[in-house]
Amino acid sequence: MRKFLYTVGLATVILLNAAVVKASNDVYYTNFNHLEMTEQEYNNLLNQGFTEEQIYRMDEDEFLENKDVEATLVSEEKKYIKMHTTLINGIKYTTSTVLSELQYQEALLQAQQPTYSPNVSGSYYDGDYWDSMFEIVTRIANINENVFRFKMDVYWDTMPVDKYYDIMGIGFDANDVHIGTDIFFRQDWQTYSNVFDYSLSCYTKDENTGGSVIFELPDVSTSSLKNLSQYMYFYVYKNTGVGTLNTLYAVGSYAHADTYYNPSPLVTNGLYSNFTTNIAGIDLDSPYAGHYSIIAPVVASFVGTW
């Protein structure tokens, strides 16, 4: 009798284990590109700092690269930005302001397309202005005892009027860590006619003080854009000889252009060689600095033992 009970019990355990295995391999989520994900894979992506929208739009290559990476999101910081541009006698003057979440929501309600004044000066309208509203998020995820991931997202809530080559970058303390992987970048947009598109095209810059990308905003009319966002990330490793770290900073920064500059690294003394990303943010040299609005950096921090 005992032998029979033992056999039945063992069979029950086997069936239960099989059920657990089957459940763990069930399709939990299917995204826009028809990629099927288990619940574990989906949660792995969330814990690395991917948003639900990014997972929904993710392509196969990025999914396969990240689906089995188990991580812990340890820091997330966000800033709400209002960028105000005025055109006077053909010259653009831009200021950016960091708003509270409530101020940002109120400003969104007031946001409008460029408004034109009847005061004409030469061939330019005097006093034209427009506002661009966007959110910047910087995240730190702990991958394992040797690796952290720095990630930066930008979400446009009102579309940019100037669409040239912008810069986004994440700076860090060069004494502590270095970039140990390629820099990944992706830009997504949607039009009011429900056309979805994306681009991975960019120029990456890997420095001992930070990683950055130069990318072109989509060649789509501002009035046609419904959604626009960008994100970038890379892994960091501790420098050789560095002992225990108790703090780790990822400084996300953005620079928005109001005119065209060739972004290629092959251009002598061009844009690519005249900016740097560091623990203070993005630093641009003249004359390029005069045509870029550099947004206040968003600092994510890890406090612990590493």
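The values are calculated or read from the model by the stated rules, or taken from the named source; none is laboratory data. Bear in mind the structure is a predicted one, so any value in this text is a computation, not a measurement. FYI the Cβ positions are ideal-geometry reconstructions off the backbone, even for glycines, and counts take in every protein chain you see. Surface areas here come from the heavy atoms of the whole protein model, side chains and all, with no ligands, DNA or RNA. Shrake-Rupley method; radii C 1.70, N 1.55, O 1.52, S 1.80 Å.
Considering region 80-97, and only residues there that are under 20 Å from Met159 (Cβ atoms) and of a type in the set (A, V, I, L, M, F, W, C), the residue that is most open to solvent (accessible area, probe 1.4 Å) turns out to be Leu87.
For region 34-79, the candidate set comprises residues that are open to solvent by less than 30 Å² (accessible area, probe 1.4 Å) and assigned to a strand (DSSP E or B); within that set, the residue that is nearest to Ala141 (Cα to Cα) is Ser75.
When Ile91 is tested against (1) within 30 Å of Tyr292 (Cα to Cα); (2) in contact with a helix residue (DSSP H, G or I) (Cβ under 9 Å, 6 or more places away or on another chain), just one condition goes unmet, and that condition is (2). Do we have Tyr129 as of a type in the set (Ser, Thr, Tyr), open to solvent by 40 Å² or more (accessible area, probe 1.4 Å), modelled with pLDDT of 95 or more and closer than 20 Å to Ser293 by Cβ here? When the stated conditions are applied, Tyr129 does not pass them.
When region 194-226 is filtered for residues that are charged (D, E, K, R) and open to solvent by 80 Å² or more (accessible area, probe 1.4 Å), the ones remaining, listed by number, are Asp206, Glu216, Asp219, Lys226.
If we scan region 223-233, do we find a residue that is among the aromatic types (Phe, Trp, Tyr) and not in a strand (DSSP E or B)? Outline the logic, then answer.
At the first step, the residues of region 223-233 found to be among the aromatic types (Phe, Trp, Tyr) are 231, 233.
Those still in the list that are not in a strand (DSSP E or B) too: none.
No - not one qualifying residue is present in region 223-233.
A Cβ distance below 7 Å, combined with a sequence gap of six or more or placement on separate chains, defines the contacts here; from region 235-254, residues that are touching a residue at least 24 places away in the same chain (Cβ under 8 Å) reach residues that are open to solvent by 30 Å² or more (accessible area, probe 1.4 Å) and hydroxyl-bearing (Ser, Thr, Tyr) in the pairs Tyr235/Thr181; Thr244/Thr305; Asn246/Thr305; Thr247/Ser301; Leu248/Ser301; Tyr249/Ser301. Scanning region 259-306 for residues that are open to solvent by 40 Å² or more (accessible area, probe 1.4 Å), polar (S, T, N, Q) and more than 22 Å from the chain's Cα centre (by Cα) yields Thr259, Asn262, Thr268, Asn269, Ser273, Ser286, Thr305.
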